[in-house]
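Okay, structure first, notes after.
FYI, it's all coordinate maths here, none of it is from the lab. Remember, it's a predicted structure, so these values are computed and weren't measured experimentally. Quick reminder, even Gly has a Cβ in these numbers, built from the backbone with ideal geometry, and neighbours come from all protein chains shown.
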Amino acid sequence: MSAPLKLGLAGLGTVGISALERLLSMENELAVKTSRGIRVQAVSARNRNKDRGVDLSGLDWYSDPVEMATSDKIDVFVELIGGDTGAAEDAVRAAIMAGKHVITANKALLAKHGNELARLAEEHNVSINFEAAVAGGIPVIKAIRESLTSNDITRVYGILNGTCNYILTRMEDEGLSFEACLKDAQDLGYAEADPSFDIEGNDTAHKLSILSSLAFGHEIDADSIFLEGITSITSADIAAARELGYRIKLLGVAQKTDTGIEQRVHPTMVPLDSAIAQIDGVTNAVAIEGDAIGMITLSGPGAGGEATASAVLADIVDIARGLEVKPLGLPASLLEPYRPAAMRAHEGGYYIRLRVIDEPGVFASIANRMAQQCISLESIVQRKAKYKVEQKSEMITANKKPQDLVLITYETTEFAIRTAIESIVSDGHVVASPQVIRIERL
């Protein structure tokens, strides 16, 4: 049996402790599976005296993760600190330059520095494994980077943030407002005290940028992703979607087009009978479309200590077995610069909710504006608004009650939809910001 693989683990939060406990309890089992011992040699965290429920007395302690990352006592640096700058970035760079393999769960770090870190790792002949960075315990990185290499992948999409999926699920199941569901998610620990990174779509965008790079062979570019969060979704939208045969999910979508690669994160109406519509609560799911496989969908826990630790250990086992692949699938020198498709050229169906004054000529005016952009309507639903109108309230009189007008379009372009809505708003019939949700016919 080869000499033990010695690990240095930085970050003893929920994931770090879960990973450490599994490594310590499975030491003999992992040795059998890899034909090589795997030993936690050292750990690093900010507070040495904190009681974490694990005996650390037999491990080397480092207050500075950079010092541990460059220590001759370890072979692999496991980064579970988090963040795209500071200690995490410094320690990962130091480990690579010291010839250590790196394992990380840090999607923010990869989204910002992944291209550079991949080049650096290749220069120093080490691996960067990051299965835990996307979709928690779902083995989607290995699936795209290794298992599906013979496929021409055309689209990757999925539910990549459990907090948003939990909120949307509760809104539908219990008829609760967005604000009430968000507070509940915070109370249960699913959402941070400042939830903006999740609910505005940034977390999903970071993960999508990594999947897109692996699927299509381009450099990571999280900054170019079209981004909309779920803060504008109302109970009215949830109810309308249900009546029309859809559910609303926050999706990250990356796909090939004739003009480049689309990368977009936004609320999406998906058919009730689609696989992705069945994913509830904090669960994640990723669908991959390829020429040989057709479509496969992977689902499972997208976060949590045990699930994420499972992915971390899978990466450790790969290194112990000597399985090494290029961090981003291709040699960094062969990754194409990201060439974004024009979002305004995106084609698909759309849900549009307009809160308008109920008076003669309004509907005809809206229909005319749609026709001017060659937009065909699949269905129209009109209902009285049951909530307070907060914009342009001075326009509303006893004889002019606000109405919600819901339009479902056939396939059209983003440009046509935006142009039509701008014209409708300029006509003065709309008393609140229009709601636009894309429809994916999966």
What does the charge count near residue 72 come to, summing +1 for each Lys or Arg and -1 for each Asp or Glu among other residues with Cβ under 14 Å from its Cβ?
0
In order through region 74-87: 3J(HN,Hα) via Karplus (6.51 cos²θ - 1.76 cosθ + 1.60), integer Hz, x for Gly, Pro:
10, 10, 10, 9, 9, 9, 10, 7, x, x, 9, 9, x, 4
Given the chain, what whole percent of its Cα pairs are spread farther than 41 Å?
25 percent
Return one number: the angle in degrees, 0 to 90 and rounded to the nearest 10, between the long axis of the Cα atoms of helix 14-25 and the longest principal axis of the Cα atoms of the chain.
40 degrees
In what sequence, highest mean first, do 281-288, 53-60 appear when ranked by Cβ atoms within 10 angstrom?
281-288, 53-60
If you stretched the chain out fully between residue 367 and residue 2, how much longer would it get, using 0.36 nm times the residue separation minus the C-alpha to C-alpha distance?
124.1 nm
Given only helices, namely DSSP H runs of n ≥ 4 each adding -39500 (n - 2.57), what is the per-residue ellipticity at 222 nm of the chain, to the nearest 500 deg cm²/dmol?
-10000 deg cm²/dmol
Spin-label model distance (nm) - residue 85 vs residue 381, 7 Å beyond Cα toward Cβ:
4.6 nm
Angle in degrees between helix 202-216 and the longest Cα principal axis of the chain, rounded to the nearest 10
70 degrees
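Kindly state, to the nearest 0.05, the FRET efficiency for residue 35 paired with residue 187, given R0 = 35 Å and r defined as their beta-carbon distance.
Values: r = 47 Å, r/R0 = 1.34.
That gives a FRET efficiency of 0.15.
Would you kindly state how much longer the chain becomes between residue 49 and residue 347 on full extension, computed as 0.36 nm times their sequence separation minus their alpha carbon distance, in nm to one decimal? Spell out each step's value before the answer.
On the way: separation 298, 0.36 × 298 = 107.28 nm, distance 5.64 nm.
That pair, residue 49 and residue 347, stretches by 101.6 nm at full extension.
Sort 227-234, 96-103 for me by packing, meaning the mean count of neighbouring Cβ atoms within 10 Å per residue, highest on top. List each step's numbers first, then the result.
Values: 227-234: 18.5, 96-103: 21.6.
The peptides rank, most packed first, as 96-103, 227-234.
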Ordered by residue, what ³J(HN,Hα) values in Hz, to whole numbers, does region 122-131 give under the Karplus form 6.51 cos²θ - 1.76 cosθ + 1.60, where θ = phi - 60° and Gly and Pro are x?
5, 4, 9, 6, 10, 9, 10, 10, 8, 4
On the Cα set of region 118-216, report Rg and Dmax in Å, please.
16.9, 54
Alpha carbon centroid spacing (whole Å) that separates region 9-42 from region 103-158:
21 Å
In order over region 358-365: 3J(HN,Hα) from phi, Karplus 6.51/-1.76/1.60, θ = phi - 60°, whole Hz, x for each Gly or Pro, gives 7, 8, x, x, 5, 4, 4, 5
Overall Cα dimensions of region 146-301, principal axis frame, Å, largest first
45, 32, 29
What is the gain in length, in nm to one decimal, between residue 173 and residue 292 on full extension, counting 0.36 nm per residue of separation less the C-alpha to C-alpha distance?
39.1 nm
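Net charge around residue 376, counting only other residues with Cβ within less than 14 Å of its Cβ (Lys, Arg = +1; Asp, Glu = -1)?
My count for the surroundings of residue 376 gives -2.
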Stokes-Einstein at 37 °C, 0.692 mPa s, Kirkwood radius from Cα pairs: D for region 2-133 in µm² s⁻¹?
222 µm²/s
Using the count of nearby Cβ atoms within 10 Å as a rough guide to exposure, how do 166, 410 rank from fewest to most?
410, 166
How many nm separate the modelled label positions at residue 67 and residue 24, each set 7 Å beyond the Cα in the direction of the Cβ?
2.2 nm
Amide H contacts of residue 247 (H built 1.01 Å from N, under 5 Å, at least 5 apart or other chain)
270, 272
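Provide the net charge surrounding residue 169, with neighbours chosen by a C-beta distance below 10 Å and charges set as Lys +1, Arg +1, Asp -1, Glu -1. Please report the intermediate quantities before stating the final value.
On the way: positive: 170, 247, 249; negative: 172, 173, 174, 280.
Once all neighbours under 10 Å are counted, the net charge is -1.
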